[in-house]
1. So how many residues does region 157-193 have that are crowded, with 17+ Cβ neighbours inside 10 Å and not in a helix (DSSP H, G or I)?
2. Go through region 256-276 residue by residue and tally those that are modelled with pLDDT of 95 or more, closer than 23 Å to R402 by Cα and loosely packed, with under 13 Cβ neighbours inside 10 Å.
3. Please tell me if D289 is farther than 27 Å from Y60 by Cβ and surrounded by fewer than 13 Cβ atoms within 10 Å (Cβ to Cβ).
4. Look through region 227-255, keep the residues that are among the β-branched types (V, I, T) and part of a loop (DSSP other than H, G, I, E, B), and return whichever of them is modelled with the highest pLDDT.
5. Just one of R20, R67, R62 is within 22 Å of the chain's Cα centre (by Cα) and of a type in the set (K, R); which is it?
6. In the set R390, R362, R328, R306, which member is touching a residue at least 12 places away in the same chain (Cβ under 8 Å) and under 18 Å from the mean Cα position of the chain (by Cα)?
7. Cβ-Cβ below 8 Å, separation at least six or inter-chain, first residue in region 42-56 and within 21 Å of Q391 (Cβ to Cβ), second surrounded by fewer than 13 Cβ atoms within 10 Å (Cβ to Cβ): which pairs?
8. Could you please give the count of residues in region 339-349 that are over 16 Å from R306 (Cβ atoms) and either without any contact (Cβ under 8 Å) to a residue 60 or more places away in the chain or surrounded by fewer than 23 Cβ atoms within 10 Å (Cβ to Cβ) (or both)?
Amino acid sequence: MFKYIDLFAGAGGLSEGFIRENFMPIAHVEKDKYACETLKTRLAFHYLKKISNLESYYDYLRKKITRAELHNLIPQTLLQSVICSEISDNSFADIVTKIDKQEIDVIVGGPPCQAYSIVGRARVRDEDKKNNDPRRFLYKQYIKFLEVYKPKLFVFENVPGILSAKDTDSELFIKKMKTEFEEVGYTIDFELLDASNFGVLQKRKRVIIIGWQSALNLRYPDFSIGTIDNSTFEVKRDILDDLPNISQGESWNKFTYRTTPTAYLNSFGIRTEEDVLTWHIARPTNSNDRQIYKLVIEKWFREHKRLHYKDLPEDLKTQKNQNVFNNRFSVVEGDLPFAHTVVAHIEQDGHYYIYPDINQLRSITVREAARIQSFPDNYFFEGTRSAAFRQIGNAVAPIFARVVAIKIKEMLWQINSNQYLLKNIESDLLQDTY
C-alpha cells in the first residue's frame with residue numbers, strides 16, 4: 001500500500017481521492033481547527049467502514065453519540081496523525097517530530113491559494129503588502145518536507161493564477177518554483193485542468209503540478225485519458241433534486257431525503273442507501289435580497305443571462321459602489337451540466353450561489369455546496385456553518401482528486417516495474433560474471 005503525507009490538508013478533499021485509491025495517509029497537516037476536526041471525523045469514517053462498523057458513524061451523524069464517543073472507537077494514533085498546526089519556519093521541526101518516520105511514496109497538498117489567485121491579488125492594492133504576503137512563499141515549506149521525506153513523487157495543487165503570479169523581480173513564480181524544486185532533486189511539470197472534464201458538475205480549473213525524483217524515468221501523466229462527457233447531466237436534476245425543499249433560514253433536521261438518489265449520485269458514490277442527510281441548512285435572507293434573488297432567477301431561466309447589479313431597480317440597490325463585483329448576485333446553473341466555481345467567499349454570504357428555483361428564494365445549503373464540490377453525503381464538516389462553507393470552498397473536489405490519485409498510482413507502479421527490471425538485469429549480469 002502506497003503511503004502519503006497531506007500538507008495544507010484543509011478538509012481533506014485531495015486526501016479523499018487518494019484514500020479511495022487505497023493510499024495510506026501517514027499524516028495530515030492543517031492549521032484550521034475546524035478542518036482538523038473534519039479530518040479526524042473522516043478518518044473515523046474510513047476506519048469504521050474498514051472494520052464493518054459504519055452504524056456507529058451514522059449514530060454520530062444522528063447525534064446519538066458524541067464526538068468523544070466516536071473518537072473512542074478508533075485508534076488514538078489515527079487521531080494523532082492529524083497535526084493541527086500552521087506550517088512555518090517556527091513550527092517545521094515540531095511537525096516533523098510528530099510524523100512517524102517511514103518511507104513515504106507521495107507528498108500531496110496545496111498551499112493557500114489567495115496570494116496567487118487573480119481576484120485575490122486584485123483586492124490587495126498595496127504592492128509591498130502583496131509582494132510580501134507570506135503565503136506566496138509557502139511552497140518553500142513544501143520543499144523542506146521533500147528534503148526530509150524524499151518521496152518518489154509529489155502533487156502540488158493550486159489556482160490558475162499561480163501561472164501568472166510574479167515575484168518582486170518580475171520573474172514568474174512558477175518558473176522560480178521549478179528551479180527550486182530542481183535544486184532539491186525533483187523534476188516537475190504541470191497542466192491546467194478543469195474538474196468538469198472528470199465528472200464534477202462544476203467548472204473548477206486548477207493547476208496540478210506533479211514532481212518526481214529526477215533520477216526516475218517518468219513523464220507527466222496524460223489526463224486526457226479518463227475524461228468524462230458531462231453533456232447529459234444537469235446540476236439541479238442530477239445532484240440537487242433529491243434533497244428536501246426548504247426555505248431561507250430553515251434547517252432540515254430529519255436526516256431523510258425527498259426522493260431516491262439519481263443515477264449520477266449512485267454512480268459517483270455521492271449518496272448511498274445508508275446515508276443520512278446532514279448540513280441541509282439554508283442561510284436567512286432579508287426581503288430585499290429575496291426580491292433580487294427572484295429577478296436573478298427569472299432572468300437566468302428566461303434568457304440564460306446574468307442580472308448585473310447596476311441593472312437592478314434603484315430601490316433594491318444597497319451598495320454605493322456599483323462598478324465592482326457586478327455579478328455579486330448569481331444563480332447556480334441548474335439546467336446546465338456544471339455550476340460555476342465554488343470558492344471560499346461562500347462563507348461570507350450566499351448571493352453568488354442562489355438556488356435555481358423560483359419557489360425557494362434562498363442561497364444553497366452547506367450540503368448542496370458540498371455536492372457541487374462532489375463530496376459524498378457521508379462526509380461531515382465540523383464547526384460552524386460559515387466554517388463548513390469555508391472548508392468546502394477551499395477544497396479539492398474529491399472526484400477530481402481520485403483521478404489525480406489514479407495517475408499517481410500508475411506512475412508509482414511504473415517506478416516499481418522499472419526497479420524490478422533493473423534488479424533482474426543486475427542479477428543476470430552477476431550470474432554471467434561468475
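1. The qualifying residues number 9.
2. Qualifying residue count for the region: 2.
3. No, not satisfied.
4. Going through region 227-255, the residues among the β-branched types (V, I, T) turn out to be 227-228, 232, 235, 239, 246.
Restricting the remaining residues to those that are part of a loop (DSSP other than H, G, I, E, B) gives 227-228, 232, 246.
On the way: T227: 91, I228: 93, T232: 94, I246: 97.
So the residue we want is I246.
5. That would be R20, the only listed residue that is within 22 Å of the chain's Cα centre (by Cα) and of a type in the set (K, R).
6. R390
7. Listed by first residue and then by second, the contacts come to Y47/P75.
8. 7
The values are calculated or read from the model by the stated rules, or taken from the named source; none is laboratory data. Just so it is clear, the model here is predicted, and its values are computed rather than measured. All Cβ positions, glycine included, derive from the backbone under ideal geometry; neighbour counts span all protein chains shown.
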